[in-house]
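First the structure, in the form of structure tokens, and then the observations on it.
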Amino acid sequence: MATKGQYTYEWPRPMVTVDAIVFCNAASGTKVLLIKRGKEPHKGQWAFPGGFLELDEELVDGAKRELFEETGLKGVELEQFHSFGDIGRDPRGRLITVSFMGFVDSELPVKGSDDAEQAKWFDINDLPEKLAFDHDLVAEKAINTLKAMKTKKDDELSKIDRLNWAWRTSRVLQIANRIGVFDVLSNKPLFAEQISSKCKTDAELTERLLMACAALGLLTKDRGQYHNSDMANTYLVKGKKSYQGNMIAHSSWVRTRWDDIENTICNEPANAKTKQHYNFIMAMDNIANTLRIDFFLNSIDLSGRESLLDVGGGPGSYSIAACKKYPQLKAVVFDLKETIAIAKKVIDREGMAKQVDTIEGSWEAKTYGSGFDVVLLSNIMHGKNSHAPMKLKKAYDALDPGGLLAVQEFLLDDNKDGPLIAALFNMMVGAFSQSELIEVISQAGFTNTKIVSLKEDVGSGWITAIKPQI
Ligand SMILES: C[S@@+](CC[C@H](N)C(=O)[O-])C[C@H]1O[C@@H](n2cnc3c(N)ncnc32)[C@H](O)[C@@H]1O
């Protein structure tokens, strides 16, 4: 019998195996690594890499060793996620397996060896019919865990995003309250110019404000005219019993005191110019890495494309992601000198200097070069003051015939009353509606101009177009 400190047990006793469930975020979807068993039991069936734990190794080391021995994958961080011990789960005896999960960025090359005849990545929605042992159960549990982790991450990110940008929606409400939008609309609907004339406010900005109010549900927009929503009529019109306008005005004033708190609490001056630029460019990288890269890769097919020009490419996040997915692709990030200095660091951070190059230049320059088969214009054509036709003409000239233009932009819907993020962005910077941007792109000579995808939670969409063959 066992005594403390001894590892000799009388058989039969439960024994321990360890499994490694490794997922990768492939552009075509999430995949998981399986091996085809080369030995009985379950010879020829697919299973997770794994095997018996040695007496002198920690659980995680056993899982890493088995992963390497059976697939050649090394250096993957593994974390224990569950143990499986149903009686009868393994025909060899009472075997309890401890399962580990890990993640890799892409479909790394794998090769079956040791107990494995083959190793292969499988789409998580298209796993082989019947996995060995109880690995169907393991797969189900692991995939559910993965989905729950993703949902948690999405929820947390959107919470952070809401917290970060909450002031924009409150500013819309406070400014509309201050200029009296809801009062002038209390009796009848009006067009934007009538409202700005009654409120004695700047016509263009007022119209943008009205769009944002509509996106927030404070107003509705019907055939160009704005109406108070029921909620606005109840709480935001002077003289109503439940009127909140004074509280909103008070809050607007208190907000300025909060700005003072920020300045008082900090010992260094806020927003020194270079820091501001760095934050602006790295903000693009932050959002790309959390919300937008998958959206980009799932929207834009670059199969067979070899050279990509990323105009105003900022930190280079999209070029980097494209080159990681398409190893044949070479990209050039074209941007201002101070931005390229940042992009170079991001490219190095990602180890992509062999595929992603940079050019310092301005989009005002005569040309963007030539001979590219993809041009990316991501978030550099914000509405009608963004010189979009000039940028599109030079993008057209830079492309070979048959070349692909891929444009990412904040896009208002054609009624210009949403989506909210595009309407808020439009308040300060500007945004095209979907059909306006399609029109501007087509006018530059492109064909097949179409929206390939829209993502409401980031308020943007991808449009593609082709430079026609001559
Ligand atoms: C909103 S960021 C977009 C960055 C990147 N395309 C993305 O989607 O993440 C705009 C970019 O335009 C660049 N930019 C501004 N003025 C420019 C100019 N005159 N010529 C080239 N790039 C410029 C900025 O440096 C910045 O990287």
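Quick note: the coordinates plus some simple rules give every number you see, no bench work behind them. Here the structure is a predicted model, which is why all the values come from computation and not from measurement. Neighbour counts are summed over all protein chains in view; Cβ atoms, including those assigned to glycine, are modelled from backbone coordinates with ideal geometry.
Magnitude of the charge dipole for the chain, about its Cα centre and with charges confined to Cβ atoms of Lys, Arg (+1) and Asp, Glu (-1), is about 1460 debye. Relative to the longest principal axis of the C-alpha atoms of the chain, give the angle of the C-alpha long axis of helix 388-398, reported between 0 and 90° and rounded to the nearest 10°. Relative to the chain, helix 388-398 is tipped by roughly 50 degrees. Centre-to-centre, using Cα atoms only, the range 81-135 and the range 189-266 are separated by 57 Å.
Ellipticity at 222 nm from helices only: DSSP H runs of n ≥ 4 in the chain, each -39500 (n - 2.57), divided by the residue count, give -12500 deg cm²/dmol.
Relative protection proxy for 453-465, 235-247, from highest mean packing down: 453-465, 235-247 (other beta-carbon atoms within 10 angstrom). Taking Lys and Arg as +1 and Asp and Glu as -1, the other residues whose beta-carbon sits under 13 Å from that of A142 total -1.
Under the simplified labelling scheme, the D357-Q244 pair shows an inter-label distance of 5.7 nm, with each label point 7 Å from Cα along Cα→Cβ. Semi-axis lengths, largest first, of the ellipsoid equivalent to the chain are 52, 31, 21 Å, with √(5λ) applied to each eigenvalue of the Cα gyration tensor. Modelled spin-label separation between N298 and A26, with each label point placed 7 Å from Cα along the Cα-to-Cβ direction: 1.6 nm. Packing, as the average of other Cβ atoms within 10 Å across residues, places the peptides 200-206, 420-426 in the order 420-426, 200-206, highest first. Relative to the longest principal axis of the Cα atoms of the chain, the long axis of helix 337-349 lies at roughly 20 degrees. Amide H to amide H, with H built 1.01 Å from N, T449 comes under 5 Å of I466, counting only residues 5 or more places away or on other chains. Per residue, the convex hull spanned by the alpha carbons of the range 180-265 comes to 114 Å³. Projected onto its three principal axes, the C-alpha set of the range 15-150 covers 40, 28, 28 Å, listed from the longest axis down. Exceedance of the 27 Å cut-off in Cα-Cα distance is limited, within the set K150/K325; K43/K153; K152/K221; K159/K391; K130/K153, to K43/K153; K152/K221; K159/K391; K130/K153. Between the range 149-168 and the range 27-48, the C-alpha centres lie 36 angstrom from each other. The antiparallel fraction among DSSP beta bridges confined to the chain stands at about 55%. Against the chain, whose longest principal axis comes from its Cα atoms, helix 434-443 is set at around 90 degrees.
Taking 0.36 nm per residue of separation and subtracting the Cα-Cα distance, full extension of the segment from E262 to T145 would add 38.1 nm.
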